[in-house]
Amino acid sequence: MKKVILTAVLSGLGYLAVGQATNRFLEGTIAAGQRKFSGSAAYRYQWNLGKKGKFSIGVGGRITTFRGTDLYYETAPANITSGKTGVTVIFTETIAANIDSIQMASSSLTAINAMISLAYRPTTRWEIGFNIDAIGFTLGNEKNAQYINESQTTATTASPTRFNLLLTSDNDLGTLNSELWLAYGISEKMHLKIGYQFLFTEYTTASEVQTFPEPNDRFRNKGSLIALGVMYRLR
């Protein structure tokens, strides 16, 4: 059985690497939401699948810069927000009594991540796709913040969580960007795109300011932004 599985995996990799056409893209995107703004630049390498090559899968890298004003960051770890970890947290109600927050007058960070992408091209000019950050790190300075527990506030400081990792929903760590987009080709190489960006940004406080139901220093903001961008096909 192990031999069969290994053969199938190697055959699949060979199919992608040898039997399929590829494309390389450079992308630039700006996005905005309520008191939120992001700008990103990405490079992705896309493998076309199937005889017609309408579907494609790719990998790449993305730099996302984020700016926020007067934002609330809520308790982040899944074991606190949902009382459990694992993929089932997607379907689990948030435990409101476990959620505290920090408020920041301004937040700014830059995330550098590897990303995964999927796309479908129904015609030569139109393409719809999805991408999501998978792993990386975040840069940014320490900021003043107010820790809020019910009606009580305490002054603290917070810095961007340094390590980013995609694990599903509240299991995620750090700052992760994802986009659902629609693109139109204005030329053979240049495409314009519009999309919806879902951006997790995360800060870690200088100490474990939250004590119930257990000590915690990680707080997350989930941002919904409208995105506009360009894609340039290198080949």
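Each value in this text was obtained by applying a stated rule to the coordinates, not by laboratory testing. This is a predicted model, so every value here is computed, not measured. Note that we place each Cβ from the backbone using ideal geometry, even for glycine, and neighbour counts take in every protein chain shown.
Modelled spin labels at Thr22 and Ala105, positioned 7 Å past Cα toward Cβ, are 5.0 nm from each other.
Between 0 and 90 degrees, the angle of helix 2-19 with respect to the longest Cα principal axis of the chain falls at about 70 degrees. Cα-Cα pairs above 31 Å in the chain: how many percent? Roughly 32 percent, once rounded to a whole number. Taking 7 Å steps out from each Cα toward its Cβ at Ala114 and Ala96 produces label points 4.1 nm apart.
Placing R0 at 25 angstrom, the Cβ-Cβ distance between Thr211 and Asn144 gives a FRET efficiency of 0.75 after rounding to 0.05.
Given +1 at the Cβ of Lys and Arg, -1 at the Cβ of Asp and Glu and no other charges, the dipole of region 101-235 around its Cα centre is 780 debye to the nearest 20.
Relative to one another, the C-alpha centroids of region 26-63 and region 151-216 are positioned 17 Å apart.
If R0 equals 25 Å, the separation of the Cβ atoms of Thr154 and Lys222 corresponds to a calculated FRET efficiency of about 0.60. Extending 7 Å from Cα along the Cβ direction at Leu182 and again at Leu234 yields two label points whose distance is 2.9 nm. With R₀ set to 22 Å, the beta-carbon distance separating Val87 from Tyr43 gives a calculated FRET efficiency near 0.15. Note on Lys193: aspartates and glutamates with a C-alpha under 15 Å away, same-chain residues under 8 apart excluded, are Glu27, Glu127, Glu179.
Using Cβ point charges alone (K and R +1, D and E -1), the dipole size of the chain about the Cα centre works out to roughly 1560 debye.
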